[in-house]
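Below is one structure; the comments refer to it alone.
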Amino acid sequence: MTHMSEDMLPDASKNLLLQMTARRNVAPKRLVEPGPNEEQLNLIFRAASNAPDHECIQPWRFIVVPHNKRANLANAFVQALKHRDPNASQEQIDAAHEKAFRAPCLIMAVISDLPSEPHVPLNERLISLGCAIQNMLLMAETLAIGSGITSGKAMNSQSIRDLFYLTDHEEGVCFLNFGTVSSRKPARPRARASPSAFVSHL
Ligand SMILES: Cc1cc2nc3c(=O)[nH]c(=O)nc-3n(C[C@H](O)[C@H](O)[C@H](O)COP(=O)(O)O)c2cc1C
């Protein structure tokens, strides 16, 4: 594979590379106010809408959790924990509750396996959602907004499914968290695999 020096890249490619390399997953507890404003959030969702989508079936959607619903989310997290572990300690219950109040902007990513004509398999639908999410994270990066993904055992618990009105054809995949980065973990440069580690030639 030929390797082009980064100095020789067109500006647009340089900028894209810069955003991609600068993005880091930020834990929700490190994401504080202000979150994205309405205009910025619109840009983030517009970025999502540009994801590739085989047969254009729109197999995913996002559900924003506003501040006035965080208490409901906290209760659903606690219910999920108690259902999973009836012996959960008060400390674990408090942690499950507190999780709902962290990032100023919290969004659930939902995938659908509703049959389509023509058929599009679930793995292709998930790729589309993953592309949408990456577009959102990169758009946030360009706006100097921090982002982080969270998931976990509660994701498709009955209490969470009920709160988000997920249909039988839907599953929550993860939460996206956006906000201002208050602090970063001490820099621990993440070793990125070189393309030779994941590319071969037939
Ligand atoms: C579907 C998905 C779910 C994730 N869930 C979590 C999570 O629950 N907790 C967490 O700390 N990070 C989670 N992450 C973020 C990864 O841990 C993170 O992307 C990885 O450590 C690489 O770091 P980077 O994004 O800064 O390159 C998730 C990422 C994806 C794609």
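The values are calculated or read from the model by the stated rules, or taken from the named source; none is laboratory data. Because the structure is predicted, anything quoted here is derived from the model rather than measured. With ideal geometry, Cβ positions are generated from the backbone for all residues, glycine too; neighbour counts draw on all protein chains shown. With ligands, DNA and RNA removed, areas are computed over all heavy atoms of the protein, side chains included. Shrake-Rupley method; radii C 1.70, N 1.55, O 1.52, S 1.80 Å.
Quick notes on this one:
- Residue match in region 48-59 (condition: open to solvent by less than 50 Å² (accessible area, probe 1.4 Å) and closer than 15 Å to residue 141 by Cα): yes
- A Cβ distance below 6 Å, combined with a sequence gap of six or more or placement on separate chains, defines the contacts here; from region 125-146, residues that are closer than 11 Å to residue 20 by Cβ reach residues that are away from the ligand (no atom under 12 Å from the Cβ) in the pairs 138/19; 141/19; 142/19.
- Residue within region 33-41 that is open to solvent by less than 90 Å² (accessible area, probe 1.4 Å), within 16 Å of the ligand (Cβ to nearest atom) and not charged (D, E, K, R) present: no
- The one condition in (1) open to solvent by 50 Å² or more (accessible area, probe 1.4 Å); (2) touching a helix residue (DSSP H, G or I) at 6+ places or on another chain (Cβ under 6 Å) that residue 76 fails to fulfil: (1)
- Looking across region 115-149, the residues that are more than 22 Å from residue 13 (Cβ to Cβ), open to solvent by 40 Å² or more (accessible area, probe 1.4 Å) and of a type outside the set (A, V, I, L, M, F, W, C) come down to 115, 117, 118, 119, 121, 123, 124.
- Scanning region 150-171 for residues that are of a type in the set (Gly, Ala, Ser) and within 11 Å of the ligand (Cβ to nearest atom) returns 151, 152, 154.
- Among the conditions (1) touching a residue at least 60 places away in the same chain (Cβ under 8 Å); (2) part of a helix (DSSP H, G or I), the only one that residue 154 does not satisfy is (2).
- Taken together, 84, 125 contain a single residue that is over 19 Å from residue 159 (Cα atoms), at pLDDT 95 or above, basic (Lys, Arg) and more than 13 Å from the chain's Cα centre (by Cα), which is 125.
- Residue within region 182-194 that is in contact with an Asp or Glu (Cβ under 6 Å, 6 or more places away or on another chain) and open to solvent by 70 Å² or more (accessible area, probe 1.4 Å) present: no
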